[in-house]
Ligand SMILES: [Zn+2]
């Protein structure tokens with residue numbers, strides 16, 4: 001009698017388990033080559049996904065409502081792009097197709113000192129609109145400074161400093177992952193190191209990091225690295241040096257020296273890492289060709305200065321000197337990406353624009369053309385100024401992650417840098433498969449767990465039970481970046497499936513239109 005009683009209880013206890021074991025989970029990816037993001041070797045296995053999370057890896061004894069056969073394909077964590085500029089793009093193209101087709105499932109925006117100032121409002125907008133990728137943000141120093149003191153070329157007063165400090169403090173509580181600077185831009189370029197240290201301390205208080213678009217990436221790059229490291233030392237926080245490079249033909253080969261500085265800081269115990277886009281051209285504003293003192297206080301002030309013949313002459317001399325330093329005789333390395341005033345010039349070099357305008361074929365006239373474009377509101381540019389050897393040398397550095405420095409692209413608009421479409425596929429195709437600069441395991445680690453660890457993105461960046469199901473399934477033999485400088489508007493190919501928080505955002509190589517991205521809150525956000 002007693003035995004039957006006990007048996008009944010055992011059956012009752014087992015019943016819920018038996019039922020749940022028979023229930024189908026949302027999705028199972030079978031037979032893939034699992035690369036888990038740690039940098040370890042791949043292994044064959046299945047991955048079970050339910051309610052947006054990974055619930056089993058290996059050979060889980062489960063069946064899925066949908067099952068994907070990933071035989072012959074790599075299954076890896078979704079890529080995390082820590083250096084983007086997507087503010088405002090959520091309104092125009094929330095499907096973020098350029099990122100999704102390149103395997104990116106999470107982005108960090110607000111880089112180079114440029115972010116929304118009110119992050120609470122920004123995150124609310126992202127949350128209500130929904131984008132296809134997860135989004136975290138830095139708080140950008142340039143916008144913080146502009147909000148308090150415009151683009152004035154001077155030091156802040158004590159009161160202004162206090163105001164900036166409280167904006168950064170607020171942003172960290174609202175979920176920023178850290179502070180970013182853009183020290184070649186206005187007004188960042190007018191800032192002294194102390195100001196950044198103080199604001200970085202506000203970020204450090206909440207365990208945030210400092211992401212630096214440094215003061216210089218060319219002739220004075222070593223001073224700029226010193227400054228970034230010094231800020232990390234004084235404010236006691238991790239630093240990420242953004243889009244690490246050596247610019248200008250005269251500086252080619254200096255990546256050995258600059259990486260040694262990073263390594264030295266790490267040996268001294270400072271948490272310094274870097275990121276890179278895998279191209280030999282950069283992309284930024286036309287204004288960076290002009291000396292910073294001419295750019296203060298907004299467009300009207302710039303135009304007023306450039307109308308003064310003496311100032312105009314001095315600006316031109318400055319530009320010609322920089323060109324000569326590069327060992328160049330024309331501004332043919334500078335290509336127009338977006339010129340709002342005249343979009344027919346997009347895709348042309350300054351040398352070509354100058355020719356179209358019927359001016360004499362010399363650098364002097366080209367400098368005039370640049371100033372004229374600046375007077376008409378400026379332009380976004382692509383600058384061909386790095387060496388392939390430096391790009392590869394930096395690529396081999398183990399604490400370097402890959403990041404696009406891009407916006408969400410609008411198909412066929414302008415002639416933007418191809419990095420927005422092809423950064424990850426280019427690393428996997430050109431640099432891993434074809435040129436064997438780094439291994440596949442290493443590339444995946446740098447696209448996933450390294451950025452997740454550095455930017456403190458919880459439960460992302462690895463294929464692990466309990467982690468968010470941000471997953472890419474791709475063909476290592478065919479993955480290719482299609483976007484080029486001549487024809488930039490081409491998506492990467494080779495990604496068969498992309499999951500964001502468990503939702504199939506790419507299915508059979510096609511964007512499904514699903515927008516399941518979440519806001520990635522920083523460490524100061526009270527959960
Ligand atoms: Zn930048």
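Derivation of every value follows stated rules applied to the coordinates shown; laboratory data play no part. From a predicted model like this one, the values you see are computed outputs, not experimental measurements. Neighbour counts run over all protein chains shown; Cβ positions are idealised from the backbone, glycine included.
Once the piece of chain linking residue 412 and residue 154 is laid out straight, how much longer is it, given 0.36 nm per residue of separation minus the C-alpha distance between them?
On the way: separation 258, 0.36 × 258 = 92.88 nm, distance 4.03 nm.
Contour length minus the Cα-Cα distance gives 88.8 nm.
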Where does segment 400-441 land on the Kirkwood hydrodynamic radius, alpha-carbon pairs, in angstrom? 11.5
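Based on DSSP, what percent of beta bridges with both residues in the chain are antiparallel, to the nearest 5? Present the calculation step by step, with values, prior to reporting the outcome.
Working: 37 of 69 bridges.
Roughly 55 percent of the beta bridges in the chain run antiparallel, per DSSP.
What translational diffusion coefficient, to the nearest whole µm²/s, does segment 76-163 have by Stokes-Einstein, given a Kirkwood radius computed over alpha-carbon pairs, a temperature of 20 °C and 1.002 mPa s viscosity? Before the final figure, lay out each step's value.
Numbers: Rh = 14.3 Å.
The diffusion coefficient I find is 150 µm²/s.
For every helix of n ≥ 4 consecutive DSSP H residues, a contribution of -39,500 (n - 2.57) applies; sum these over the chain, divide by its total residues, and give [θ] at 222 nm rounded to the nearest 500 deg cm²/dmol. Could the numbers behind the result be given before it?
Working: 17 runs with 181 residues, N = 527.
Only helices count here, giving -10500 deg cm²/dmol.
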Between residue 118 and residue 147, what length comes free when the chain is fully extended (0.36 nm per residue of separation minus the Cα-Cα distance, one decimal in nm)? 9.4 nm
Compute the angle between helix 309-325 and the longest alpha-carbon principal axis of the chain, please, reported from 0 to 90 degrees and rounded to the nearest 10. 60
Against the longest principal axis of the chain, how steep is helix 158-173, in degrees 0 to 90 to the nearest 10, with axes from Cα atoms? 20
Mind checking the angle between helix 255-267 and the chain's longest principal axis? C-alpha axes, 0 to 90 degrees, to the nearest 10. 50
Say each of residue 249 and residue 442 gets a label point 7 Å from the Cα, pointing the same way as Cα to Cβ; how far apart are those two points in nm? 3.1
At a Förster distance of 41 Å, what's the computed FRET efficiency of residue 310 paired with residue 125, Cβ-Cβ distance as r, to 0.05? 0.30
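Neighbouring Cβ atoms within 10 Å as the yardstick, rank 435, 292 fewest first. Kindly include the intermediate steps, with their values, before the conclusion.
Values: 435 12, 292 17.
The fewest-first ordering by Cβ neighbours comes to 435, 292.
Multiply the residue gap between residue 388 and residue 280 by 0.36 nm, knock off their C-alpha separation, and tell me the result in nm, one decimal place.
Numbers: separation 108, 0.36 × 108 = 38.88 nm, distance 0.60 nm.
Stretched fully, the residue 388-residue 280 segment lengthens by 38.3 nm.
Beyond 21 Å, what share of the Cα-Cα pairs of segment 102-247 is found? Please give it as a whole percent. Present the calculation step by step, with values, prior to reporting the outcome.
On the way: 4217 of 10585 pairs.
More than 21 Å apart: 40 percent of the Cα pairs in segment 102-247.
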Inter-part gap, Cα centre of segment 294-308 to Cα centre of segment 137-188, in whole angstrom, is 23
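As a test of understanding, state the convex hull volume per residue of the chain from its alpha carbons, in Å³.
On the way: hull volume 83.7 nm³, N = 527.
Dividing the Cα hull volume of the chain by its residues yields 159 Å³.
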So how far, in whole Å, is the C-alpha centre of segment 334-408 from the one of segment 66-94? 28
What list do you get for 239, 336, 472 if you sort them by fewest beta carbons within 10 Å? 336, 239, 472
For segment 454-527 versus segment 257-285, the gap between their alpha-carbon centres in whole angstrom: 25
Rounded FRET efficiency, nearest 0.05, which uses the C-beta distance separating residue 24 from residue 193 and R0 of 45 Å: 0.20
Normalising by the residue count of segment 395-527, find the relative contact order in percent from Cα pairs under 8 Å and 6+ residues apart. 23
Per-residue Cβ neighbour rank within 10 angstrom, fewest leading, 247, 285: 285, 247
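Compute the relative contact order of the chain as a whole-number percentage, counting only Cα pairs closer than 8 Å that sit 6 or more residues apart in sequence. Kindly include the intermediate steps, with their values, before the conclusion.
On the way: 1250 pairs, mean separation 113.3, N = 527.
Once normalised by length, the contact order is 21 percent.
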What is the distance, in nm, between label points placed 7 Å from the Cα along the Cα-to-Cβ direction at residue 512 and at residue 465? 2.5
